[in-house]
Amino acid sequence: MSLPARLSPVLPRFHRGRRLACLLAGAGLIGGLAWLGHGAAAAKSPAPVAAPPDANRMQMQVQPDFARMQALGQVMFFDKGLSASGRVSCASCHDPAHAFGPPNGLSVQPGGADGAALGVRAVPSLRYQQNVPPFTMHRFDDDFDESVDQGPAGGHTWDGRASTLHEQAAIPLLAKHEMANASPADVVAKLRRAPYAAQFRATFGADALDDDARGFQWATLALEMFQQDAARFYPYSSRYDDYLRGKGQLSAREMRGLALFNDEKKGNCASCHLSEVSPNNGSFPAFSDFGHIAIGVPRNRSLPANRDPAFHDLGSCTTLPANVGEKERAALCGAFRTPSLRNVAVRQVFFHNGVFHDLEEVIRFYITRDSDPKRWYPYPTRAKGPHTPYDDLPARYVGNINREAPFDHKAGEPPRLTEAEIGDMVAFLRTLTDKDAQPAADAVAQAAAKTVAKKTSAAGQR
């Protein structure tokens, strides 16, 4: 079958954007919010600080070699010496063998000054970030229909605060629960002592590490350029990519899963996780529309920060630009950016707070969140009442939660998918695994199968 014959009609994927537009008009006022990791606080404008040197202007003036920048960025990416503890590198959390995502099933990865501190968010994959647009309150997607306002979308990280990979690269170097450097100057001091300091100067100039601000910009530029390595970060080498190219086939079960994934009356996954080749420019799907959405994920009670009942990670509304109005800001509390589903079968931890550790369980949550809320709130235990739905979001923001399919069933109604159909969808999702990540995906599948076998055996002995 030729590629054009495999292009399904463009899905009506902008319902959520229209709904968010309504939310933005009707949401309640928000109190002030502190920066991520500190919960609610008094609203304050950030104190003015000196603007960092312009990395683009620096690059134009020096014109460093692209291959040298990539090579340097790769060395830095694996250097644990760039962390305050000396125990954490970029690769510690973004493992190349796991599609540059977390290498294990921990909800959040340890970091901080002692290498053991735990933050509040699961590690996202760094793959397929090259086309993520900067955050905007009103996105018009020229891949499909640029006449339709999708609503809030874009930006790197779970809350979209970084407009570029350059900005994103700086965040973990300074975040207190990650590499925990106190300042850009601390990072540059480490670079001056690094065994590759001469390589750094050879790449950016003899004076590259003389000034802290410029040195930090060079460092994050090198990390950014490393993430521009197409073979490593956006290889498009999955079986589904081969299928789209007309060079491979999907099994009958995988095809059933794809149909369920796209069907508005079943999974309706493609309304946010686009599965089609763009009819406008032929680009392969990112399996994300980059939109920001609140879906009411259960509170992860294993996270230290969540021991404080007053703490809530409110997501996108905590990092919006200062010019966003209070009503618009309030409408995004509890929302997080839609991640790509490429290499999702490699993962052992899901959603922004890492509350789920099994892909089938994730799908069950989607199809039974509102029809069987006692199953999910609280999670993972079916504790005896009270069962408070959406228990990780203050009540004043519950109206932000998405209730479109598959979230549109009422309590007691049957789910949209059967267990067999869930299995079909997981089979399809496994076709999104890049070739180099297949061993990790196989290991995850084998571990899941063993867990199911143990549970079945234990149930039979009761």
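The values are calculated or read from the model by the stated rules, or taken from the named source; none is laboratory data. Since the model is a prediction, treat every value here as computed from it, not as a measurement. When we count neighbours, we look across all protein chains shown, and the Cβ atoms used for this are built from the backbone with ideal geometry, even at glycine. For accessibility, only protein heavy atoms count, side chains too; no ligands or nucleic acids. Shrake-Rupley method; radii C 1.70, N 1.55, O 1.52, S 1.80 Å.
Scan segment 404-462 residue by residue and report those that are part of a loop (DSSP other than H, G, I, E, B) and touching a Leu at 6+ places or on another chain (Cβ under 8 Å). Outline the logic, then answer.
So the first thing to find is which residues in segment 404-462 are part of a loop (DSSP other than H, G, I, E, B), and the list is 404-418, 433-434, 461-462.
Within segment 404-462, Pro406, Leu417 meet the criteria.
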Seminar exercise, completed: Scanning segment 327-365 for residues that are among the acidic types (Asp, Glu), in contact with a helix residue (DSSP H, G or I) (Cβ under 9 Å, 6 or more places away or on another chain) and not in a loop (DSSP other than H, G, I, E, B), the one surrounded by the most Cβ atoms within 10 Å (Cβ to Cβ) turns out to be Glu328
Problem set entry | The lone exception for Val444 - which of (1) β-branched (Val, Ile, Thr); (2) in contact (Cβ under 8 Å) with a residue 40 or more places away in the chain; (3) open to solvent by less than 20 Å² (accessible area, probe 1.4 Å); (4) under 18 Å from Phe351 (Cα atoms) it fails | (3)
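Considering only residues that are open to solvent by less than 50 Å² (accessible area, probe 1.4 Å) and not aliphatic (A, V, I, L, M), which ones fall in segment 386-403? Walk me through it before giving the result.
So the first thing to find is which residues in segment 386-403 are open to solvent by less than 50 Å² (accessible area, probe 1.4 Å), and the list is 390-394, 397-402.
Answer for segment 386-403, where residues must be open to solvent by less than 50 Å² (accessible area, probe 1.4 Å) and not aliphatic (A, V, I, L, M): Tyr390, Asp391, Asp392, Pro394, Tyr397, Gly399, Asn400, Asn402.
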For this session: Test Asp424 against the criterion of being surrounded by 15 or more Cβ atoms within 10 Å (Cβ to Cβ) and under 20 Å from the mean Cα position of the chain (by Cα), and give yes or no.
Result: no
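Is it the case that some residue within segment 414-434 is among the basic types (Lys, Arg) and over 18 Å from Asn262 (Cα atoms)? Walk me through it before giving the result.
Residues of segment 414-434 that are among the basic types (Lys, Arg), as a first pass: 416, 430.
Restricting the remaining residues to those that are over 18 Å from Asn262 (Cα atoms) gives none.
No: zero hits.
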For this session: Quick one: Asp114 ticks every box in (1) touching a residue at least 40 places away in the same chain (Cβ under 8 Å); (2) in a loop (DSSP other than H, G, I, E, B) except a single one, so which number is it?
Result: (1)
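Out of His138, His156, which single residue is more than 30 Å from Asp436 (Cα to Cα) and not aliphatic (A, V, I, L, M)?
Result: His138 is the single residue among His138, His156 that is more than 30 Å from Asp436 (Cα to Cα) and not aliphatic (A, V, I, L, M).
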Problem set entry | Members of segment 366-384 that are in a loop (DSSP other than H, G, I, E, B) and aromatic (Phe, Trp, Tyr) | Trp376, Tyr377, Tyr379
Exercise. Any residue in segment 93-110 that is within 22 Å of Ala230 (Cβ to Cβ), in contact (Cβ under 8 Å) with a residue 60 or more places away in the chain, surrounded by 19 or more Cβ atoms within 10 Å (Cβ to Cβ) and in contact with a His (Cβ under 6 Å, 6 or more places away or on another chain)?
Worked result: yes
For this session: Check segment 75-83 and report whether any residue there is part of a loop (DSSP other than H, G, I, E, B) and surrounded by 23 or more Cβ atoms within 10 Å (Cβ to Cβ).
Result: yes
For this session: Would you check which residues across segment 222-233 are of a type outside the set (A, V, I, L, M, F, W, C) and over 12 Å from Asp436 (Cβ atoms) and list them?
Result: Glu224, Gln227, Gln228, Asp229
